[in-house]
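Any read-out appearing in this document is the output of simple, stated calculations on the displayed coordinates, not a laboratory observation. This is a predicted model, so every value here is computed, not measured. With ideal geometry, Cβ positions are generated from the backbone for all residues, glycine too; neighbour counts draw on all protein chains shown.
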Amino acid sequence: MTEHALHSKAFNQAIEEDLIIGSRCLVCGKISIPQRQICPNCHSDQAERVQASGQGTLAAFTVIYVPPTSMADAGYNAKNPYCVGIVSLEEGPRISAQIVGLDLSDPAAIKIGMPLRQTFVTRGEGETAKKFLAFEPI
Ligand SMILES: [Zn+2]
């Protein structure tokens with residue numbers, strides 16, 4: 001592992017390669033996703049890069065009907081809402097991301113604890129296109 005592998009942009013660069021990465025503390029073993037420079041558990045700065053499996057479960061979610069500008073530009077609105085969830089990753093950490101592949105016309109059918117896997121969505125076009133982490137039901 002190099003110092004470079006855990007710099008602050010590493011997580012977003014890994015997303016471009018369809019990977020979720022984080023850090024594992026070399027002192028206490030705590031896994032942080034995205035990576036942390038300082039372990040939140042023991043405050044060590046000694047860590048190695050880890051790659052998440054991309055599997056997790058839905059811990060919480062909200063359906064967004066009034067999107068921020070970036071999501072409105074991507075085509076979301078009250079008639080085309082989207083779901084943002086907190087996903088408990090298999091490795092332990094929780095991460096916030098868009099949840100795709102759900103029937104948002106019936107939010108009551110979305111179940112806490114449902115298994116999810118990583119997927120990636122691209123928003124924007126041309127030079128402004130950017131890939132984002134998302135999750136979908138398995
Ligand atoms: Zn630690």
| field | 19 Å Cα-Cα reach of K9 towards aspartates and glutamates, excluding residues that sit fewer than 8 places from it in its own chain | value | E17, D18, D45, E48, E127
| said: Along the charge dipole of the stretch 1-98, pointing to its positive end and built from +1/-1 on Cβ of Lys, Arg, Asp and Glu, which listed residue (C42, G54, A14) has its Cα farthest out? | reply: C42
| query | What trypsin sites (Lys or Arg not before Pro) in the stretch 27-135 are in a loop by DSSP, with at most 12 other Cβ atoms within 10 Å of the Cβ? | reply | K79, K111
| remark: Between A72 and K9, the FRET efficiency computed from the C-beta separation at R0 = 22 Å comes out, to the nearest 0.05, as 0.25
| Å³ per residue enclosed by the Cα convex hull of the chain | 116 Å³
| query | Roughly how big is the stretch 1-80's charge dipole about its Cα centre, with Cβ charges of +1 (Lys, Arg) and -1 (Asp, Glu), in debye to the nearest 20? | reply | 260 debye
| message | With n ≥ 4 as the cut-off for DSSP H runs, can you work out [θ] at 222 nm for the chain, using -39500 (n - 2.57) per run divided by the number of residues, rounded to the nearest 500? | response | -2000 deg cm²/dmol
| request: Could you work out the longest stretch of the chain that avoids the GluC sites (Glu not before Pro) located in DSSP loops with at most 15 other Cβ atoms within 10 Å? | output: 18-89
